[in-house]
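The values are calculated or read from the model by the stated rules, or taken from the named source; none is laboratory data. Since the structure is predicted, the reported quantities are computational estimates derived from the model, not experimental observations. Quick reminder, even Gly has a Cβ in these numbers, built from the backbone with ideal geometry, and neighbours come from all protein chains shown. Remember, those area values only see protein heavy atoms, side chains included, never the ligands or the DNA or RNA. Shrake-Rupley method; radii C 1.70, N 1.55, O 1.52, S 1.80 Å.
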Amino acid sequence: MCNSTACVSVTVNVIPPVICEAPTSVNSSAGITVCSGTSTTLSLVGGILPTGGVWRWYKGGCGLGTVQGTGPSIQVNVCTTTSYYVRGEGGGCGPTSCVSVTIQVLNRPSLPGSISGPTFGLCNLTGVSYSILPVSGATSYQWTTSPGISITSGQGSTGITVSFGGGCTSGGTISVRAVNSCGTSSTRCLSVSTVPSSPASISGPGGVCHNQIYAYSSQPVQGLHPIHGQFLRELLF
């Protein structure tokens, strides 16, 4: 019968696996549509990096362009529509895949185009319409009028209806601005008058003979009733 031999031992150290997981998405504290010049915080949703790894943010491409910062969140100031990218780097594993977010920038609206509508002969008229073409990015429209001109319908839209009162000896203005959540545009104005426009030049011969009849006329003017819009008269010299 043999005796047992001496024991020999070995210690096995278990090294935990290196885990690298890309984030699932990116959150923006101010939302994905912001006004120009807005500051927003971009934050990771999910993602795992080992010790020594770092989250690195880029603008211009995944792993390309300009580095915007490192860490699970960064703050950026957005002036134009921009895409931001983030990936994990280092810590014993290669770069993770990138996730991205595009922040859309909304600017305040541009100046509305010209206002369409009558400009002369508006004394005591009601139901007179004025309008503009839609402005890109605008969500509503702010109309204003001079005293004596009342908006009866359409405020906030591209077209309004107004009534003229307060006497027939003065004019005024009708103005509009485009509006969205980032501000208002400059103001577009239209001058209006309660009296007809001035007649154009008179057509007719300049040299005349005694005891002859000659015709003289003027073209129609704005704000005058159609039957009075053209003046024609024959004169005896």
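Quick check on the range 9-28: of everything there that is aliphatic (A, V, I, L, M) and assigned to a loop (DSSP other than H, G, I, E, B), which residue is modelled with the highest pLDDT?
22
Give the residue that is least open to solvent (accessible area, probe 1.4 Å), with candidates limited to residues of the range 72-99 that are small (Gly, Ala, Ser) and at pLDDT below 95.
88
Which numbered condition trips up residue 67, out of (1) under 20 Å from residue 28 (Cα atoms); (2) touching a residue at least 12 places away in the same chain (Cβ under 8 Å)?
(2)
Kindly indicate whether any position in the range 161-173 is open to solvent by less than 30 Å² (accessible area, probe 1.4 Å) and within 30 Å of residue 105 (Cα to Cα).
No, the conditions are met nowhere in the range 161-173.
Of everything in the range 56-92, what is more than 25 Å from the chain's Cα centre (by Cα) and not in a strand (DSSP E or B)? Give them in sequence order.
Answer for the range 56-92, where residues must be more than 25 Å from the chain's Cα centre (by Cα) and not in a strand (DSSP E or B): 61, 62, 63, 64, 65, 71, 72, 90, 91, 92.
What residue, of 46, 31, 61, is surrounded by fewer than 13 Cβ atoms within 10 Å (Cβ to Cβ), of a type in the set (Gly, Ala, Ser), closer than 29 Å to residue 135 by Cα and modelled with pLDDT of 90 or more?
31
Given (1) at pLDDT 95 or above; (2) over 17 Å from residue 119 (Cβ atoms); (3) of a type in the set (Ser, Thr, Tyr); (4) part of a strand (DSSP E or B), where does residue 186 come up short, assuming only one miss?
The single condition residue 186 does not satisfy is (4).
Show the residue pairs that are 6+ apart or on different chains and have beta-carbon atoms under 8 Å apart, the first residue being within the range 32-55 and in a strand (DSSP E or B), the second being aromatic (Phe, Trp, Tyr).
Partner pairs satisfying both residue conditions: 42/57; 42/84; 44/55.
Just checking, how many residues over the range 119-138 are open to solvent by 30 Å² or more (accessible area, probe 1.4 Å), touching a strand residue (DSSP E or B) at 6+ places or on another chain (Cβ under 7 Å), assigned to a loop (DSSP other than H, G, I, E, B) and within 20 Å of residue 156 (Cα to Cα)?
3
Scan 105, 162 and give me the residue that is in a strand (DSSP E or B) and either polar (S, T, N, Q) or closer than 21 Å to residue 194 by Cβ (or both).
162 is the lone residue from the list that is in a strand (DSSP E or B) and either polar (S, T, N, Q) or closer than 21 Å to residue 194 by Cβ (or both).
Which members of the range 143-160 meet the condition of being crowded, with 18+ Cβ neighbours inside 10 Å and closer than 12 Å to residue 123 by Cβ?
149 - this is the single residue of the range 143-160 that is crowded, with 18+ Cβ neighbours inside 10 Å and closer than 12 Å to residue 123 by Cβ.
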